[in-house]
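Before any comments, here is the structure.
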Amino acid sequence: MAAAASNAMAVATFLESHSLVDKVLYPGLVSHPQHKLAATQMSGPGAMVTFYVKGGVAEARTFLSSLKVFALAESLGAVESLAESPAIMTHQNVPVERRKELGIDDRMVRLSVGLEGVDDLIADLDYALQQSK
């Protein structure tokens, strides 16, 4: 878990500075709205990173289809890195209005960061983001 969390922190930091990302949610980042609370309640920030691709559902779809290292999966939490978009995958049958009420944005991508080399993970994300613009 420590190795996955270390990779997730590097991935979140990279995404937070990327010009094609609107917002990153990861409790290890100071920018997370509950960063201080998470630091008091958790022994580490975990391996789940949520972010918002600039654009809309088409950009999120292109991003996901361009990934090579991250595997697409509706179930998250494994030793390999996984990616999913709730609007396109797990919640695609939920009406748009209801997704908005639930805070599920069309641009949202969730990552479960695994144990691969962090440089490979970041390169994969950068490549897929470049394809999404």
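Each reported figure results from applying straightforward, stated rules to the coordinates on display, with no laboratory input. Please read all numbers here as calculations on a predicted model, not as lab measurements. So basically every Cβ, Gly included, is an ideal-geometry build from the backbone, and we count neighbours across all protein chains shown.
Annotations for the structure displayed:
- Among the residues of region 1-51, those that are farther than 18 Å from Arg110 by Cβ and among the hydroxyl-bearing types (Ser, Thr, Tyr) comprise Ser6, Ser17, Ser19, Thr40, Ser43.
- Of the helices (runs of 4 or more DSSP H) entirely within region 1-77, those holding at least 3 residues that are closer than 20 Å to Asp124 by Cα occupy 2-16, 57-66.
- Subset tally (residues that are outside any loop (DSSP other than H, G, I, E, B) and surrounded by 16 or more Cβ atoms within 10 Å (Cβ to Cβ)) for region 79-108: 5
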